[in-house]
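So the structure is just underneath, and the comments pick up after that.
The values are calculated or read from the model by the stated rules, or taken from the named source; none is laboratory data. Keep in mind the model is a prediction, meaning the values are calculated, not measured. Quick reminder, even Gly has a Cβ in these numbers, built from the backbone with ideal geometry, and neighbours come from all protein chains shown. Each accessible area value is taken on the protein alone, full model and side chains, heavy atoms only, with ligands, DNA and RNA left out. Shrake-Rupley method; radii C 1.70, N 1.55, O 1.52, S 1.80 Å.
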Amino acid sequence: MDLSAFQRDNAVNCLLDSAVPAACRSEPCSLGIDEAGRGPVLGPMVYGICYCPVDRQGDLEALKVADSKTLTEAQREQLFEKLGAAKDFVGWALHILSPNYISTSMQRRAKYNLNALSHDTAIGLIQRALDSGVQVAKVFVDTVGPAEKYQEKLKQHFPDLEVTVKPKADSLFPVVSAASICAKVARDRVVKNWRFLEDLEDADLDYGSGYPNDPKTKEWLTQNLDPVFGYPQFVRFSWSTAQVILESKAVPVCWDDTEDDAAQKNAQSLLSYFARKETSSKRPPHRFFHERKLKTVTSL
């Protein structure tokens, strides 16, 4: 699994594929879909598909694949290696959705929620498998939202395929379990080796589980908030946990059409954060200034 393309630019999404086994180009295949990282406020969400010939699902099951959430990181890595060794009949593909993309998508003027984003990503991966020559016949999906509506949506897009959408599909169908392992291994590797574009200097990178209810994660979010520029791109700033901290710790923005709003009269001016300070700040200048070679001046 070569993640170098995403690691070079983790602000954008990335698609990864295994080679398509010859057997999957000539025999009817089952395809499973699952994701990793839907809930965390930190890091990407990764959608994965795994596929194999219908008549070799027993061989896939013999690899002892299971729901990735029930496995340790070491067990997931070991099973992913086994899937790689079974490349004569097993293939996979991944779509890594960057935190930046997730947040900007969800905050569009026209509403685009996480369920719709998840559905569209799954549809894109199925189409990618078909375009790659995989003879997909059956699709098994771990549901996002109401299973019946999701299944009907997929059937409308792929009327020639047999589609099954069920809750906990990752524990019911081995091909979905395999997809969940691929997705989880990819996310774990990406998060562990995340390249921060922002200069966090000696910031503590122990951010806990990354889930919104983790006190350690909340503390990390508070400590790594720039009052003007917000969070590093590692953070899904559209999550309510991040929004609450932004509202309480970041600089309020007063738009021209709200200047007469009484609630804004005592708000600190955004310009005050660009003024020269007599005492040095512990916080290093944001990369916005370095990239543009900007410095604060007091006279011309």
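Annotations
- The Cβ shell under 11 Å around Ser18 holds other residues with a net charge of -1, Lys and Arg each +1, Asp and Glu each -1.
- Here's the list of lysines a cross-link from Lys138 could span, going by alpha-carbon distance under 27 Å and ignoring same-chain residues fewer than 8 apart: Lys64, Lys69, Lys82, Lys87, Lys149, Lys153, Lys155, Lys166, Lys168, Lys184.
- Computed over protein heavy atoms with a 1.4 Å probe, the carbon and sulfur contribution to the accessible area of the chain reaches 50%.
- A simple rule links phi to the HN-Hα coupling: the Karplus curve 6.51 cos²θ - 1.76 cosθ + 1.60 with θ = phi - 60°, which for region 72-77 gives 7, 4, 5, 5, 5, 4 Hz, with x for Gly and Pro.
- Test item: Cα-centred dipole of the chain, Lys/Arg +1 and Asp/Glu -1 on Cβ, debye: 340
- Largest GNM mean-square fluctuation among Asn113, Asn13, Asn100, using the chain with Cα springs under 10 Å: Asn113.
- Asp204-Ala85 FRET efficiency (beta carbon distance; Förster radius 41 Å; 0.05 resolution): 0.60
- Heavy-atom accessible area per residue - the chain, 1.4 Å, Å²: 54
- Across Tyr112, Tyr211, the residue with the most accessible area heads the list, and the full order at a 1.4 Å probe is Tyr211, Tyr112.
- For the chain, the longest principal axis of the C-alpha atoms and the axis of helix 174-192 are separated by about 30°.
- Other residues whose C-beta falls under 10 angstrom from the C-beta of Ile33 contribute a net charge of -4, scoring Lys and Arg +1 and Asp and Glu -1.
- If the segment from Ser26 to Asp55 were pulled out straight at 0.36 nm per residue, it would be longer than the present Cα-Cα gap by 9.2 nm.
- Grouping the Cα pair distances of region 4-192 into 10 Å bins from zero gives a pair-distance distribution of 10, 39, 38, 12, 1 percent in increasing distance order.
- If a spin label sat at a point 7 angstrom from the Cα of Gln78 along the line to its beta carbon, no backbone N atom of region 180-222 would be nearer than 11 Å.
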